[in-house]
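Working notes for the structure below.
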Amino acid sequence: MKRNFMYVIGAAMLVSSVACSAQQSKKASSTVPQYEVLNLPKVDLKNFKKDANGAYVIFDGTSLNGWRGYNKEKVPAKWSIEDGMLKFSKNPVGVTNPDGGDLIFAHDFKNFELEFEWKISQSGNSGVFFLAKEVKDQPIYISSPEYQLLDNDNHPDAKMGVDGNRKSGSLYDMIPAKPQNGNPAGQWNKAKIVVNKGKVTHYQNDAKVVEYTLWTNDWTKLLQASKFSESKWPLAFELLNNVGGKTKSGVIGFQDHGDDVWLKNIKVKVL
């Protein structure tokens with residue numbers, strides 16, 4: 001009888017423990033705000049030409065076909081084509097009350113090589129995003145790693161962060177680009193981002209400057225040590241820790257940070 005009584009007590013304690021764990025788990029998950037991933041129009045890569053190396057030319061200097069604003073269905077007026085270059089203009093000439101916002105190429109990429117050239121205005125700041133989701137009422141960088149574009153000599157971000165991890169070519173606020181070989185404002189830089197089965201490599205001016213692997217314990221540690229940590233920004237941590245979502249894919253985007261930036265020769269090779 002005593003033995004049966006002890007079994008009952010033990011079972012009750014086990015049920016109580018499981019229930020308590022479930023409540024704690026529910027409480028922890030409830031700290032992440034609800035969010036909605038939008039399903040806006042996408043484009044078919046088959047409609048874009050390839051170069052001699054098999055990369056899709058997604059900006060050829062003549063058309064913004066395939067591009068639109070993040071969480072929008074049109075190209076914001078602050079983005080335009082100028083002398084064959086894709087340009088973000090802080091104050092575009094001849095446009096009254098122009099709208100801005102980040103610009104995306106509306107196709108979900110998974111494993112790829114993105115190449116482009118860029119130059120920035122004096123004291124300018126911008127960035128490149130990838131594997132991004134369009135999250136309603138949220139900025140693009142809440143769900144995407146950022147390859148930093150910066151005037152290292154004059155923008156205050158260059159002296160912020162840790163060990164230069166906000167300078168050009170860096171994984172913003174997480175890993176500094178080394179060597180730091182960015183060219184000054186007004187000069188062209190070459191950039192390449194390779195994403196292949198979770199391994200990400202940043203190149204700047206033909207040098208490998210950053211390398212990391214998504215969806216790993218090391219990736220989580222990087223997030224926890226950044227402005228996107230679980231305690232500082234729960235939703236960003238949730239989305240970035242699972243960057244690309246279930247499909248491990250997303251859009252490529254360029255940032256409106258309020259400063260003039262020029263881009264050209266933008267192409268993507270699907271791996």
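What the table shows:
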item: Count - residues of region 99-129 that are in a strand (DSSP E or B), closer than 19 Å to residue 205 by Cβ and either of a type in the set (Val, Ile, Thr) or out of contact with any helix residue (DSSP H, G or I) (no Cβ under 8 Å at 6 or more places or on another chain) (or both); result: 10
item: Residue in region 140-147 that is open to solvent by 30 Å² or more (accessible area, probe 1.4 Å) and in contact (Cβ under 8 Å) with a residue 12 or more places away in the chain present; result: yes
item: Every residue from region 144-193 that is under 26 Å from residue 239 (Cα atoms) and touching a Ser or Thr at 6+ places or on another chain (Cβ under 6 Å); result: 148, 149, 150, 173, 174, 176, 177
item: Selection count where residues are of a type outside the set (A, V, I, L, M, F, W, C) and open to solvent by 40 Å² or more (accessible area, probe 1.4 Å), scope region 81-97; result: 7
item: Any chance residue 103 is open to solvent by 40 Å² or more (accessible area, probe 1.4 Å) and either touching a residue at least 24 places away in the same chain (Cβ under 8 Å) or under 22 Å from residue 265 (Cα atoms) (or both); result: no
item: Pair list, Cβ < 9 Å and 6+ apart or interchain, from region 190-219 residues that are within 19 Å of residue 150 (Cα to Cα) and without any contact (Cβ under 8 Å) to a residue 60 or more places away in the chain to residues that are aliphatic (A, V, I, L, M) and surrounded by fewer than 20 Cβ atoms within 10 Å (Cβ to Cβ); result: 201/194; 202/194; 203/194
item: Residue identified as over 19 Å from residue 211 (Cα atoms) and among the acidic types (Asp, Glu) among 134, 146; result: 134
item: Residue count for region 63-98, restricted to those that are in contact with a strand residue (DSSP E or B) (Cβ under 7 Å, 6 or more places away or on another chain), polar (S, T, N, Q) and not in a strand (DSSP E or B); result: 1
item: Boolean, residue 160 is within 19 Å of residue 214 (Cα to Cα), hydrophobic (A, V, I, L, M, F, W, C) and either open to solvent by 40 Å² or more (accessible area, probe 1.4 Å) or in contact (Cβ under 8 Å) with a residue 12 or more places away in the chain (or both); result: no
item: Selected residue (only one of 253, 245, 258 is of a type outside the set (A, V, I, L, M) and crowded, with 22+ Cβ neighbours inside 10 Å); result: 253
item: Some residue of region 65-78 being charged (D, E, K, R) and surrounded by fewer than 13 Cβ atoms within 10 Å (Cβ to Cβ); result: yes
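Rundown of residues vs (1) touching an Asp or Glu at 6+ places or on another chain (Cβ under 7 Å); (2) modelled with pLDDT under 95; (3) buried (at least 21 other Cβ atoms within 10 Å of the Cβ); (4) within 20 Å of residue 104 (Cα to Cα), yes/no style:
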position: 178; (1), (2), (3), (4): no, no, no, no
position: 185; (1), (2), (3), (4): yes, no, no, no
position: 225; (1), (2), (3), (4): no, no, no, no
position: 232; (1), (2), (3), (4): no, no, no, no
position: 235; (1), (2), (3), (4): no, no, no, no
position: 269; (1), (2), (3), (4): yes, no, no, yes
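The values are calculated or read from the model by the stated rules, or taken from the named source; none is laboratory data. Please read these numbers as outputs of a predicted model, since none were measured by experiment. So basically every Cβ, Gly included, is an ideal-geometry build from the backbone, and we count neighbours across all protein chains shown. Just the protein is used for accessible areas: all its heavy atoms, side chains included, with ligands, DNA and RNA removed. Shrake-Rupley method; radii C 1.70, N 1.55, O 1.52, S 1.80 Å.
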